[in-house]
Amino acid sequence: MFASVIVLAPLPLGSNRPWSWSLLAGLVGLLCVTWPIVLLADRQAPGVSPRHVAVPLAGFALVITWAALQAAPLWPPEWCAPDWLEAQRQATGTDQPAFPLAIDGFAVPVGIMRLLCYAGVLWLALQHGRSSRRAHRLIDTLALAGGVYAAYGLLVYATGNDSILLMRKWAYRDDLTATFVNRNHYATYAGVTLLCAVSAIMNRLAPPMHLRTLVLHLGRRTALFALSAVIGGAALLASGSRAGIAATLVGGVALAYGRAASAQPPGAARRRILLRGCAAVALLLTLAIGSLVLVRDLDGHFADRLRIYQLTTDLIAARPLTGYGLGSFAAMFATVRPPDILQVWTEAHNTYLELALDLGIPAAAMLVLSVLWLLWACLSGGAVRQRDMLYPLLGGATTVLVGVHALLDFSLQIPAVTVTWAAILGTGVAQSRRHSRSVDQP
């Protein structure tokens, strides 16, 4: 059931509509509620104690608490933005506004619901992923699902590219988007599932590999994942998302480097290689971003995006600690949008800046650090595991992919993308710890 929810999430336009993300959150909440019942019914069912993820769990709980407090009528009026304070006074007829910190008080519950949904998927993946058999099945399922969505996208693309699920396409008519509206969002999903397909192939190809062994594998199930990878790669290129393709390449390099490091004996040598790889990826990423910023002949859309970043940074500087309320970027940015920028920007196209604007720098940093803790758990697991080390490496590689793309777009704000990534990351963290073989028994 858990895998089915994750696999079907991209079907209704990436679950990026109020009814679809509410349904997704409801299903995930139902699975979270019923999981303790599964543990009671089957004492051999694998499980992860909360103490093993106490640090990111505490950080996430504090972020959710702060987001709820932003919408609570507990703050002095002078903490509210002056323009919005006056507007709320006129609307309510009182001197005390209803939501002093949250500019858009109605967006806060929706934002909290979506964050809890993502955390629920991560928690369920931690529980299911403790079993190597279930982890294996989940990654294989996501790899095949990515191939199916890619095949659908290629079919639509080849027959005119004018529809999404029997609806006439209203955006990105020249680019492949599959069941998503935005090409960049599909590119992130395609990249994540492409890495799953590559991992599924790696799982079945034990080194050292020879030509005869490769030919034999082409007659087995490995060929199915190879086909899924080829179709997914073709769909990714047809999406036309430069940032999505580049982020997938970075994630693929991270996965390949981790796989090469895993060939070393577990311990300090493997950990040293992984750390050097992380440093190299960080350096390359810094150089890439720096080159983009220094380029003078930018296309108009990207030049506007750089202006958006600057205006968002100015808004953050005005309220760096408290933020403007979870989900308040669109309402707040409308007050500072220059008249020469005709397009309406409802997202900052940089998840980190938008989080800082919404939650404030401390809470945004706490949320990002919680994810980095999970990433470190995956890297550590890849350095010490002797078997099934590919799952922590995949969790780390997909986190690098979505983290890089989040610098230039808002794919992580699309529920289908985030729940897919959270499922893989949770599985990687669960498999980063050594466990007895008993958890793999049926």
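For the listed peptides 252-258, 185-191, 325-331, a ranking on the average number of other beta carbons within 10 Å per residue, highest first, reads 185-191, 325-331, 252-258. With a Förster radius of 41 Å, plug the Cβ-Cβ distance of residue 384 and residue 306 into 1/(1 + (r/R0)^6) and report the FRET value to the nearest 0.05. About 0.45, to the nearest 0.05. Across segment 58-75, the residues whose backbone nitrogen lies under 20 Å from the label position 7 Å along the beta-carbon direction of residue 369 are 58-70. Placing a pseudo-label 7 Å from each Cα along the Cα-to-Cβ vector at residue 51 and residue 17 gives an inter-label distance of 4.7 nm. Among 232-239, 130-137, sorting by the average number of other beta carbon atoms lying within 10 angstrom of each residue, highest first, gives 232-239, 130-137.
Projecting label points 7 angstrom from Cα along Cα→Cβ for residue 260 and residue 237 puts them 2.3 nm apart. Computed over protein heavy atoms with a 1.4 angstrom probe, the accessible surface ordering of 345, 21, 170, largest first, is 170, 21, 345. Rounded to the nearest 0.05, the FRET efficiency derived from the C-beta distance between residue 39 and residue 169 at R0 = 51 Å is 0.65. Accessible area per residue (1.4 Å probe, heavy atoms of protein chains only) ranks 400, 28 as 400, 28, with the largest value leading. Annotation: amide H-H contacts under 5 Å for residue 164 (H modelled 1.01 Å from N, sequence separation of 5 or more, or interchain): 169.
Label zone (residue 346, point 7 Å along Cα-to-C-beta; backbone nitrogen cut-off 17 Å) within segment 378-418: 409-417. Sorting 143-150, 192-199 by average packing, meaning the other beta carbons within 10 Å per residue, from highest down gives 192-199, 143-150.
The values are calculated or read from the model by the stated rules, or taken from the named source; none is laboratory data. Quantities reported herein were computed from a predicted structural model and do not represent experimental measurements. Note that we place each Cβ from the backbone using ideal geometry, even for glycine, and neighbour counts take in every protein chain shown. Keep in mind that these areas ignore ligands, DNA and RNA; they rest on the heavy atoms of the full protein, side chains included. Shrake-Rupley method; radii C 1.70, N 1.55, O 1.52, S 1.80 Å.
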